[in-house]
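The values are calculated or read from the model by the stated rules, or taken from the named source; none is laboratory data. Small disclaimer: the values here were computed from a predicted structure and weren't measured. We place every Cβ from the backbone using ideal geometry, glycine too, and count neighbours over all the protein chains shown.
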């Protein structure tokens, strides 16, 4: 049977939205638009789906919603339009998408390559699955695309600092249950208090002891009712 789905490239999406290609890539990273197929390295999108959310996206932008909040709203609109079931929501005290026996996926957010590499090697050796982000914007985007079960979050980040990342994720019902451990060289007590007030579940001072970090990860997972 012939596939009548019409696929368009990212430039056509940008033209349809009246946006730059860079803006459309950001929408893609947040899950606002979804890639339907690839040809080589070229992303292709379902024209019908793009057109169905275009006007709704403009309305949500005018309301001043964040990209993460817009992604949540468009998920509902997309499900209604295509008759798809809504994704299951997490119960309080549970991290989204984590099943017993499933390896814990940890998003490591730090602007220093050496720190991320060291943490990846150590944590993968403990059986965790690791993804990485080098700045605050990338951390927000990867939280939605990678769906980590926990985040290790540095405070001093380019573009969007760790406090803002934490506040944004903890303020969104889709991501609010993901445990966040802050990694900070800002050892003053007020900075630690500020991190907790912004929603962090724990913190570890830099330079940190890897065994202490491992213990804190296990402590937070137990507190959140996660089987690591």
Next on the checklist: Being at pLDDT 85 or above, outside any helix (DSSP H, G or I) and either in contact with a strand residue (DSSP E or B) (Cβ under 7 Å, 6 or more places away or on another chain) or not assigned by TED's automatic domain parsing to the domain that holds residue 138 (or both) is the filter here; which residues of region 158-199 pass it?
Outcome noted: 178, 179, 180, 181, 182, 183
Checklist entry - Among (1) in contact with a helix residue (DSSP H, G or I) (Cβ under 6 Å, 6 or more places away or on another chain); (2) modelled with pLDDT of 90 or more; (3) buried (at least 16 other Cβ atoms within 10 Å of the Cβ), which single condition is residue 148 missing? => result (1)
Next on the checklist: If residue 54 meets every condition in (1) at pLDDT 80 or above; (2) within 22 Å of residue 175 (Cβ to Cβ); (3) in a helix (DSSP H, G or I) apart from one, which number is that one?
Outcome noted: (2)
Item to check | Checklist (1) modelled with pLDDT of 65 or more; (2) out of contact with any helix residue (DSSP H, G or I) (no Cβ under 7 Å at 6 or more places or on another chain); (3) assigned to a helix (DSSP H, G or I) applied to residue 80, failing item | outcome: (1)
Checklist entry - So is residue 30 surrounded by 15 or more Cβ atoms within 10 Å (Cβ to Cβ) and either modelled with pLDDT under 80 or assigned by TED's automatic domain parsing to the domain that holds residue 172 (or both) or not? => result yes
